[in-house]
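First up is the structure itself, then whatever we jot down about it.
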Amino acid sequence: MSKPQFAILRFAKYKGPEISNIESHNERTKEKYASNPDVDTSRIYLNFHLVTPQRKYRAEAEKQIAEACCRTRSDSVQLVEALDRNAGVLQGQEKS
């Protein structure tokens, strides 16, 4: 019997001060994760960007906001993150 096919999608909104923290989390820049010891750093290479940022997350968000001529408030959402847990299945690399 084959495994059922499903995807887990998650979207999150971030404001200015939170963006640097989420970048560190996503890019796995730390050697060890005391808050989450289950992080398997040997699998980091499986992570990929749908759109690879050309600069730091916050700088990229500010650039895109400026290019769109948007005005923001101090509490404006500046970045929306999307996570697709089973993207590897679509690429032929089944993840467990």
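The values are calculated or read from the model by the stated rules, or taken from the named source; none is laboratory data. These numbers come from a predicted model, not from an experiment. Cβ coordinates were reconstructed from backbone atoms using ideal geometry, including for glycine residues, and neighbour counts include every protein chain displayed.
A few remarks follow.
- Residue count for the range 3-61, restricted to those that are over 22 Å from Val80 (Cβ atoms), in a loop (DSSP other than H, G, I, E, B) and not β-branched (Val, Ile, Thr): 14.
- Of the listed requirements (1) exposed (fewer than 10 other Cβ atoms within 10 Å of the Cβ); (2) β-branched (Val, Ile, Thr); (3) modelled with pLDDT under 80, Val89 misses just one: (1).
- Residues of the range 60-76 satisfying the condition of being more than 15 Å from the chain's Cα centre (by Cα) and not polar (S, T, N, Q): Glu62, Lys63, Ile65, Ala66, Glu67, Ala68, Cys69, Cys70, Arg71, Arg73, Asp75
- Residue match in the range 36-53 (condition: surrounded by 13 or more Cβ atoms within 10 Å (Cβ to Cβ) and at pLDDT 90 or above): no
- Just one of the listed residues (Ala68, Ala12, Ala7) is in contact with a strand residue (DSSP E or B) (Cβ under 9 Å, 6 or more places away or on another chain) and modelled with pLDDT of 80 or more, namely Ala12.
- Where Leu83 falls short, out of the listed (1) over 29 Å from Phe6 (Cα atoms); (2) surrounded by 10 or more Cβ atoms within 10 Å (Cβ to Cβ); (3) of a type outside the set (Ser, Thr, Tyr); (4) modelled with pLDDT under 85: (1)
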